[in-house]
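Only one structure is covered here, and it is reproduced in the block below.
The values are calculated or read from the model by the stated rules, or taken from the named source; none is laboratory data. Source: prediction; values computed, not measured. In this analysis, Cβ positions are derived from the backbone assuming ideal geometry, glycine residues included, and neighbour counts consider all displayed protein chains.
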Amino acid sequence: MGIEKVEGTYAEAFEGIFARLIITSDDEETLKAAAEDSTSTPSIVIGRVEGGYEKRIKHSETPDGRNGVIVQFWGGIDSSKPLQDSVKRFEIELSYRIRQDILVKPFTAVYNALNGAVGQIDTMERIGHCGDGFEWEEDLKGRRIINVPIMVPDFRIERYLGYGLGVMGGNFWYMCKTKKAVFEAGRRALEAIHQIDGAVTPFDICSAGSKPETKFPWIGPTTNEAYCPSLRDKLGTRSKIPEGVEYIPEIVINGVSLAVVSEAMRAGIESIWDLPEVSWISAGNYGGKLGRYRVRLKELFG
């Protein structure tokens with residue numbers, strides 16, 4: 001079986017604000033820690049930002065000729081308010097991630113990696129001024145750089161970071177017979193997705209698919225009980241889990257465009273549909289309540 005495992009459903013996705021950044025460092029372990037720490041908490045549902053690791057880049061591709069990675073940070077859009085309100089909230093939350101998870105690591109720097117941005121964030125107010133007024137600016141190959149004096153000198157960040165409008169929440173579920181398949185298929189899918197430029201997976205292998213309705217609104221999204229294997233007997237006919245399925249992990253994808261998200265979903269699904277311990281491939285949607293994009297799984301394959 002291959003495409004026969006893919007259900008005739010769709011993933012529901014929505015528009016978000018994103019920044020695409022280069023992080024560099026002299027030290028490989030420090031670079032890894034900065035990238036992982038700053039992108040490790042997918043918390044968009046509580047009004048924060050979420051992030052994802054996109055790819056390694058060559059020394060020749062970084063502004064300062066050092067070890068480098070590209071990461072993305074994402075924020076939600078409140079459609080009931082002007083876009084600039086959402087941008088300002090994104091700017092504040094992004095500054096926390098950079099200050100707490102990157103600036104504090106020795107010899108790191110941050111640069112813009114987004115071409116064709118729809119707007120810019122001035123990093124002086126919320127990051128540059130960590131220098132307490134002693135910060136200074138200089139030019140680096142046409143980029144305006146803020147030098148923030150710190151005790152292991154010094155942190156550098158490009159003054160203007162571009163932001164764009166992309167697509168969040170593309171996803172697919174892979175329904176597994178065994179615990180081993182959760183990891184084998186998940187890692188294979190992530191490897192395929194990370195070959196697609198512009199796509200990130202903020203949760204990687206996610207074990208907690210949710211739903212918009214909840215008895216506890218102060219928490220935010222809560223468990224999608226119809227797909228919880230441990231509730232199959234308790235729910236009876238309300239359970240939607242196919243026979244033989246014991247685990248339903250989810251891969252969530254954000255990307256710089258709908259085309260990128262669609263291609264990443266296609267690559268991830270195609271990489272695992274030949275595994276015998278993956279019974280079905282489906283997706284999370286909420287009947288159009290969450291977002292305006294519907295990525296139909298079978299249409300990804302022509």
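At-a-glance table
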{"quantity": "Matching residues in segment 220-254 - criterion: being surrounded by 12 or more Cβ atoms within 10 Å (Cβ to Cβ), out of contact with any strand residue (DSSP E or B) (no Cβ under 9 Å at 6 or more places or on another chain) and farther than 30 Å from Arg48 by Cα", "calculated": "Arg232, Leu235, Ser239, Lys240"}
{"quantity": "Test set (1) acidic (Asp, Glu); (2) farther than 28 Å from Ala208 by Cα; (3) buried (at least 16 other Cβ atoms within 10 Å of the Cβ) - Glu184 fails condition number", "calculated": "(2)"}
{"quantity": "Residue within segment 221-240 that is among the acidic types (Asp, Glu) and part of a loop (DSSP other than H, G, I, E, B) present", "calculated": "no"}
{"quantity": "Leading residue by the ranking (modelled with the lowest pLDDT) among those in segment 79-118 that are surrounded by fewer than 14 Cβ atoms within 10 Å (Cβ to Cβ) and outside any helix (DSSP H, G or I)", "calculated": "Ser79"}
{"quantity": "Gly291 assigned to a loop (DSSP other than H, G, I, E, B) and closer than 18 Å to Tyr227 by Cβ", "calculated": "no"}
{"quantity": "Selected residue (only one of Gln100, Gln72 is closer than 30 Å to Met151 by Cβ and touching a strand residue (DSSP E or B) at 6+ places or on another chain (Cβ under 7 Å))", "calculated": "Gln72"}
{"quantity": "Selection from segment 210-229 of residues that are more than 17 Å from Trp173 (Cα to Cα) and either modelled with pLDDT of 95 or more or of a type in the set (A, V, I, L, M) (or both)", "calculated": "Ile219"}
{"quantity": "From the options Ile281, Ile269, residue that is under 18 Å from His194 (Cα atoms) and modelled with pLDDT of 95 or more", "calculated": "Ile269"}
{"quantity": "Test result for Pro242, in contact (Cβ under 8 Å) with a residue 60 or more places away in the chain, more than 19 Å from Gly291 (Cα to Cα) and within 26 Å of the chain's Cα centre (by Cα)", "calculated": "no"}
{"quantity": "Extreme residue, nearest to Glu250 (Cα to Cα), among residues of segment 153-187 that are free of Cβ contacts under 8 Å to residues at least 60 places away in the same chain and not charged (D, E, K, R)", "calculated": "Phe183"}
